[in-house]
Amino acid sequence: MSATQVITPTAAPKVQHVGQVTWRATRPTEPIPQFLIDEAKVETKQSFDAKQHLRYEPPSKIYTMKEIGLEGQGISPVAVTAPFQLFTEEAIKQMRAEIFSKPVLDNCLYMSEFVKSTVRGMGSARAPFTCDAWNSPEVLAKVSEVAGIELVPAMDYEIAAINISVNDQTIPIFNAPKPDEDEFPAFAWHRDSYPFVCVTMLSDCVGMTGGETALKTAWGEIMKVRGPAMGTAVVMQGRYIEHQALKAFGGRERISMVTSFRAKSPHVIDECVLTGVRPISNLSELYSQYTQYRLEVLEERIRDRLKKEQRSALAKRDFDIAGARAFLTQQKEFIESMIEELIE
Ligand SMILES: [Fe+2]
């Protein structure tokens, strides 16, 4: 897709993000159960190798934005996928070893009103395997393929947010609601901060029920999509779809890894916000990475526009007043949205 094709006034409408009122990071009050830490240990740490650790099988179904009445919104025609195989069991073990390592638990554990325990911002020094996996061209190619647009991790900080829920925090299976009353949300209705998300299951879901994602269609219907099982993933355009995660029942633990993505091309509309992630982040790291990627996007857009202007002048074409004004207005809005996000 060429640069000039994408930035057009037909860009998706702005979406209001529903987030929390406060945004100071809080550490969880309850420690991570020792059994999770003990069982996550691996004998040998491996380096990520797509040949060995990637096991991709295409999703059985990809729901489109059109099917849920949101055609033309967002950055891709894809809404959400059915769960699909992405990683091998060994890859999941390596990721779990990094998540439950001491440096990660000491530095990266947060809680919010939505999650009791979440690990964020592990970074490549503490989690080289996980970070290499999500930056690997092979993994990105598969995620991009099912998303219908070329994607990259939104920023290093968003390479993995891991939601940890252990059995004593969930309702035992014998207390699980009957099928007609299973609308128990694990998270409130919301839209994500970044365009796309890939949710990978790191737990064995045998004996677990629920855990679906509920989506709201344009006509107000609720559509449920099955949640991922161990080693499988679901890709969703969560910034543009109102959704909620439904509670899972049974099973000893439920550990899901959430990786957030944005378009690789700097010319695609970028409506990332930080509302949902501010309360569960090291603000200094988050703001720095956000600012760096946004400035890179701006740099690329300006370079591209400058070249176009130079070519136009060489060809002695008339100056495109409307085009220049439209470009500048879009960049002004892009900078204004950054100012709105970078709050104390
Ligand atoms: Fe979400």
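All of the numbers you see were taken from the coordinates with simple rules; none came from a lab. Nothing here was measured: the structure is a model prediction, and the numbers come from that model. Glycine also receives a Cβ, built like all others from the backbone with ideal geometry; neighbour counts cover every protein chain displayed.
Summary table below
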quantity: Stretch gain in nm, segment SER337-GLU113, where the contour uses 0.36 nm per residue and the Cα spacing is subtracted; calculated: 78.1 nm
quantity: Tail weight of P(r) past 13 Å, computed on alpha-carbon pairs of segment 282-344, percent; calculated: 69 percent
quantity: Ranked list, fewest to most other Cβ atoms within 10 Å of each Cβ, for VAL139, VAL152; calculated: VAL152, VAL139
quantity: Projected area, mean over directions - segment 43-89, Cα convex hull, nm²; calculated: 4.8 nm²
quantity: Per-residue Cβ neighbour rank within 10 angstrom, fewest leading, TYR240, TYR293; calculated: TYR293, TYR240
quantity: Selected from THR291, GLN331, HIS190, residue furthest toward positive end of dipole (the chain; charges at beta carbon); calculated: GLN331
quantity: In sequence order, calculated HN-Hα J values of segment 60-70 (Karplus, 6.51, -1.76, 1.60; Hz; x Gly/Pro); calculated: 5, 8, 10, 7, 9, 4, 4, 4, 9, x, 10
quantity: Convex hull per residue volume in Å³, alpha carbons only, for the chain; calculated: 146 Å³
quantity: For segment 282-344, size of Cβ-based charge dipole, Lys and Arg +1, Asp and Glu -1, in debye; calculated: 660 debye
quantity: Helical segments meeting 20 Å axial Cα length and Kyte-Doolittle -1.0 threshold in the chain (DSSP H); calculated: 321-341
quantity: Sites GLU71 and LYS41, calculated FRET efficiency, Cβ-Cβ separation with R0 56 Å, nearest 0.05; calculated: 0.70
quantity: Highest-fluctuation residue, LEU283, LEU274, LEU328 considered, GNM on the chain with Cα pairs under 10 Å; calculated: LEU328
quantity: Cβ charges +1 (Lys, Arg) and -1 (Asp, Glu), total dipole of the chain, debye; calculated: 640 debye
